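Student: Before we start, here is the structure in question, set down as C-alpha cells.
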Amino acid sequence: MPDGGISDLDEKRALAEWLEWQLRQVRGRIRELEVKAEQERRARERARAEQSWKIQPRRSGEMAMLHSGGCGLYSAQLGFSTGRKR
C-alpha cells in the first residue's frame, strides 16, 4: 500500500484468522464445560445411589435381601429404592 497501511484483503484475512482462533477457544471451553457437567451428573447419581437401597432378588435356595446403596456385597445397579412413598 502506498500509504503504509494494510490492504482490505489482508485486513479481512487477519480478522478471519482471529475469529477462527476465537471459535477454537470457545469450542474448547464448551468441551471442558460438557465434561464438567457429565462429571457432576455422575457424582449426583452416585450420591443418589448411596442414599438408596438395592433389592437383591430371591434366587433358588436364597432369601431376597435389602442392601444399602453403598453396600459392595451386591453390586447390581438395579432395584434401587429410596424408601419414600410417592
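Here, each number is a calculation from the coordinates, and none is a lab measurement. Note that the structure is predicted; figures quoted are calculated from it, not measured. FYI the Cβ positions are ideal-geometry reconstructions off the backbone, even for glycines, and counts take in every protein chain you see.
Student: Taking 0.36 nm per residue of sequence separation and subtracting the Cα-Cα distance, how much length would be gained by fully extending the chain between L73 and A14, in nm to one decimal?
Tutor: Contour length minus Cα-Cα distance gives 15.0 nm.
Student: If I stretch the segment between L23 and S60 completely, what's the gain in nm (0.36 nm per residue apart, minus their alpha carbon distance), one decimal?
Tutor: Full-extension gain reported as 7.3 nm.
Student: If you don't mind, there's one more thing I want to ask. What nm distance separates the two modelled labels at D3 and W53, each placed 7 Å from Cα along Cα→Cβ?
Tutor: 8.2
Student: Please report the orientation-averaged projected area of the range 1-74, defined via the convex hull of its C-alpha atoms, in nm².
Tutor: For the range 1-74, the mean projected area of the Cα convex hull comes to 8.5 nm².
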